[in-house]
Amino acid sequence: PRVSSVKRLKDILNILDGKYPLERFERDRLISYGLNITREQIYSEDILVSLEKEAFLVKLFQRRFSGEPIAYITGQQFFYKNPFIITSKVLIPRPETEGLVELALETVKNAKKIVDIGTGSGCIGLSLVKEIPRAHLLAIDISEEALLVAKENAKRLGVSDRVWFFKENAEDFLRKHPEEKGQWEVVVSNPPYLKKEDPFIEDSVLQYEPHEALFAPEEGLYFLKKFFLLALELLSPVGWGFFEIGADQAESMLQYCQGFLEKSQVSVKRDLAGRNRYLLFRKDGIK
């Protein structure tokens, strides 16, 4: 008998679920991506799948089952209100980082000039300029590959004309453009802040995400301190800074920042899980 060149999706899923059991939402996301169909279609239609597409689905399931993050497999991650292009050259945006965007919007919803230091995929800075129609963004990253991703995301969101991309470290930016000192209303950053020896880091993070965007020397505080000092130079006299920090770094960072700013101008806010996560500071309390 002739072997059919198509199979029912339901039959394929029975096999895949047996071999590579995944969480339902992950499985659906892979199928939607692999077959370019909606989640609803998976369950409401009798879909026929070619052998070629079946082989592609098997490959996707194998990759996820072996630990590769789903965002890298599909090349996309939803963040705040928009889907972002993601490659293995940038960190995968986390739900807790959305809190940083929300805090900034609550505090400075009419900001015109925003800097994102270590922009990566651009998810923080681009989400802000998408929400604030007259805002302009300076997106700084030392990685060429990360900036290519951020540029693509800016295009997707329709904000490219309001974003200035700069591939250097932030000190170089100020050296090359001294006129930009004290000109910015908001500085946001989610710098590398993990300690190399942190026992709680998941294996998939260690194995797949770019280490230069994760780890920092000095107990994870090196870039937080460095970017804080840069923020003070970039910010206007009443400018605001919003940084993501590690849950155990609140005390060290408050102490450090209070060496430069009045106590009342520096605070730490918690994320939805109740962990210390966001460092806020205002420049008008400078000592």
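Just a few scattered comments:
- Qualifying residue in region 183-190 (condition: within 25 Å of Leu280 (Cβ to Cβ), touching a residue at least 24 places away in the same chain (Cβ under 8 Å), part of a helix (DSSP H, G or I) and not small (Gly, Ala, Ser)): no
- The set of residues from region 150-176 being among the β-branched types (Val, Ile, Thr) and more than 27 Å from Leu229 (Cα to Cα) comprises just one member, Val159.
- Single condition Gly118 does not satisfy, out of (1) out of contact with any Gly (no Cβ under 7 Å at 6 or more places or on another chain); (2) at negative phi: (2)
- For Lys112, the conditions (1) of a type in the set (D, E, K, R); (2) under 30 Å from Gly34 (Cβ atoms); (3) more than 13 Å from the chain's Cα centre (by Cα) all hold with the exception of (2).
- With respect to being under 25 Å from the mean Cα position of the chain (by Cα) and of a type in the set (A, V, I, L, M, F, W, C), Phe78 fits the description.
- Looking only at region 45-90, and only at residues there that are acidic (Asp, Glu) and touching a Lys or Arg at 6+ places or on another chain (Cβ under 9 Å), the one that is modelled with the lowest pLDDT: Asp46
The values are calculated or read from the model by the stated rules, or taken from the named source; none is laboratory data. These figures come from a predicted structure and were not determined experimentally. FYI the Cβ positions are ideal-geometry reconstructions off the backbone, even for glycines, and counts take in every protein chain you see.
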